[in-house]
Amino acid sequence: MLSRVQGKGLLRAVQTARAVRCGASVPSGSKPWSDVELPGLRTPPPIVQDEEVYSYLTPGIKKTKVEDLASQWDNLGFSIRPLNGYVQYTHTNRKWDMGTFVPAPYILLHINSGALHYGVSVFEGLKAFSCKDGKIRLMNPSLNALRMQQGARKLRMPEVPTDMFIQGVSEAVRRNKEFVPPYGHGAAMYIRPLLFASGKMLGLAPLAEEYTFFVTVMPAGSYFGNKGSEVGIDALVMEEHDRAAPMGTGAVKAAGNYAADLDPVHYAKGEGYGTTLYLDAKERRYIEEFSVCNFVGITKDGTYVTPKAESILASTTNKMLQQLAMDEGMKVEERPIDFDKEIDNFEEVGMVGTAAVVVWVRSLTRGGRVFKKDKFDTLSRLRQKLTSIQCGELEDKHGWMLEVC
Ligand code: COI
């Protein structure tokens, strides 16, 4: 039988050899031709020579060249590019190891893993920015760590402690720092931490015995493209689809919540809309969330209103925008919003999230009715403040930014 570590050892040798063959650089101070060990990494057990073992190959990967990105910093879009590698931690025997840096963007996964079969997986999205003073900073990573911990509890996975989360995220950024978009291009390094049951599960009990936490990074522009944020997006209200049940997994960043939106959002795009808007699953009356973003409305009297429900994801961007609105003396309300009764009272509607930042929703269609939103002044001002803090142009009064290198 092949043990996990033996299999990984073989895979890693192949991955790294290939990565190096394809031009991957070996960070200074590390052993060449092997994965880079973060401090204190577990020592794999020795391979017993007379055991039969499997071995696996990964496809050859062409690593992104930073020179090729030089002309793309203003138009990165939101896509995956192979960089120097990712950070991986493994949880076995009730404890996390100290982490590894792995070059090739592949993992060796048991075919019965809990993530593959039962969706035991939560992810995060946060960003690192090249700031005006030449430093690279993360925005508010402890909020993401806390949200991932809530998700872990909901899906019965081991929690990733906040310091380990921040260490993993920082290490992933540092080891890919040449790919962090330079200051002045309105782009950032999008960071995707993922926690999932990599161990096998045939039924729902017992739980998996192995979990993986990894952090991948990618240089990214706006999720909805540069145009989307400027000209606005049309949203289609979902009448026949729900994103999350009232007491289900909607409030955590479970992978399955996004799977539930795939059919609706592709239908909406086919009909010419830019996104979906979900109402509460029980009554289809209260506003919940856009496809990948929180809803924010600005009323005619200038109040910042965002929905409150157990099934809505607590957006970190929304939290910070609320703080910026309060700093300006605006009234902020987090409460149920009855779509039919209130939609006309909003002068501005925006969708907010890490990847999208703040995007103007210029129309919402429910049934045959179209509600147009021609203004975007207040939300655009708040977006400007947030992005100015991110790149160090505006004072970080709330201590949100964390220097990584
Ligand atoms: C984010 O905004 O960070 C998200 O996780 C949404 C994702 C679908 C891009």
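The values are calculated or read from the model by the stated rules, or taken from the named source; none is laboratory data. Worth saying up front: this structure is predicted, and the values here are computed from it rather than measured. Quick reminder, even Gly has a Cβ in these numbers, built from the backbone with ideal geometry, and neighbours come from all protein chains shown.
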- Which fully enclosed strands (runs of 3 or more DSSP E) of segment 290-400 have 3 or more residues being over 23 Å from the mean Cα position of the chain (by Cα), away from the ligand (no atom under 16 Å from the Cβ) and farther than 28 Å from residue 145 by Cα? 346-353, 357-366, 369-372
- residue 70 vs. criteria closer than 23 Å to residue 390 by Cβ, surrounded by fewer than 21 Cβ atoms within 10 Å (Cβ to Cβ), away from the ligand (no atom under 16 Å from the Cβ) and among the small types (Gly, Ala, Ser): yes
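So that you can scan it fast, the table gives a plain yes or no per residue for (1) buried (at least 22 other Cβ atoms within 10 Å of the Cβ); (2) touching a residue at least 40 places away in the same chain (Cβ under 8 Å); (3) not small (Gly, Ala, Ser):
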| site | (1), (2), (3) |
| --- | --- |
| 104 | yes, yes, no |
| 109 | no, yes, yes |
| 118 | no, yes, yes |
| 121 | yes, yes, no |
| 124 | yes, yes, yes |
| 128 | yes, yes, no |
| 135 | no, yes, yes |
| 138 | yes, yes, yes |
| 146 | no, no, yes |
- Item | Matching residues in segment 117-146 - criterion: being in a strand (DSSP E or B) and under 20 Å from residue 386 (Cα atoms) | 126, 127, 128, 129, 130, 136, 137, 138, 139
- Message: If residue 193 meets every condition in (1) modelled with pLDDT of 95 or more; (2) more than 15 Å from the ligand (Cβ to nearest atom); (3) not in a helix (DSSP H, G or I) apart from one, which number is that one?
- Response: (2)
- Task: Within segment 175-188, identify whether any single residue is buried (at least 16 other Cβ atoms within 10 Å of the Cβ) and touching a His at 6+ places or on another chain (Cβ under 6 Å), and answer yes or no.
- Result: no
- Message: Taking the conditions exactly as written (crowded, with 17+ Cβ neighbours inside 10 Å and either farther than 15 Å from residue 294 by Cα or touching a His at 6+ places or on another chain (Cβ under 8 Å) (or both)), does residue 343 satisfy them or not?
- Response: yes
- Evaluate the following for residue 221: is it within 25 Å of residue 134 (Cα to Cα), surrounded by 22 or more Cβ atoms within 10 Å (Cβ to Cβ), under 18 Å from the mean Cα position of the chain (by Cα) and within 15 Å of the ligand (Cβ to nearest atom)? yes
- Query: Does residue 303 satisfy the criteria of being closer than 23 Å to residue 376 by Cβ and either surrounded by fewer than 23 Cβ atoms within 10 Å (Cβ to Cβ) or not polar (S, T, N, Q) (or both)?
  - Reply: yes
- Task: May I ask you to say which residue of 381, 366, 362 is charged (D, E, K, R), closer than 30 Å to residue 249 by Cβ and either surrounded by 15 or more Cβ atoms within 10 Å (Cβ to Cβ) or without any contact (Cβ under 8 Å) to a residue 40 or more places away in the chain (or both)?
- Result: 366
- Item | Search result, residues across segment 261-289 that are within 16 Å of the ligand (Cβ to nearest atom) and either assigned to a loop (DSSP other than H, G, I, E, B) or at pLDDT below 95 (or both) | 274
- Query: Mind checking which pairs have a first residue in segment 319-347 that is farther than 30 Å from residue 367 by Cα and a second that is exposed (fewer than 15 other Cβ atoms within 10 Å of the Cβ), Cβ under 7 Å, 6 or more apart or different chains?
  - Reply: 323/398; 330/302
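Conditions (1) away from the ligand (no atom under 16 Å from the Cβ); (2) in the same structural domain as residue 79 (by TED's automatic domain parsing); (3) polar (S, T, N, Q), marked per residue:
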{"site": "166", "(1), (2), (3)": "yes, yes, no"}
{"site": "172", "(1), (2), (3)": "no, yes, no"}
{"site": "177", "(1), (2), (3)": "yes, yes, no"}
{"site": "188", "(1), (2), (3)": "no, yes, no"}
{"site": "200", "(1), (2), (3)": "yes, yes, no"}
{"site": "207", "(1), (2), (3)": "yes, yes, no"}
{"site": "235", "(1), (2), (3)": "no, no, no"}
{"site": "258", "(1), (2), (3)": "no, no, no"}
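Listed here are the residues, each with its yes/no results for (1) aliphatic (A, V, I, L, M); (2) more than 14 Å from the ligand (Cβ to nearest atom).
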site: 95; (1), (2): no, yes
site: 98; (1), (2): yes, yes
site: 109; (1), (2): yes, yes
site: 113; (1), (2): no, yes
site: 118; (1), (2): no, yes
site: 134; (1), (2): no, yes
site: 141; (1), (2): no, no
- Item | Selection status of residue 130, more than 25 Å from residue 257 (Cα to Cα) and among the hydroxyl-bearing types (Ser, Thr, Tyr) | yes
- Task: Determine if segment 157-164 includes at least one residue that is without any contact (Cβ under 8 Å) to a residue 40 or more places away in the chain and under 21 Å from residue 398 (Cα atoms).
- Result: yes
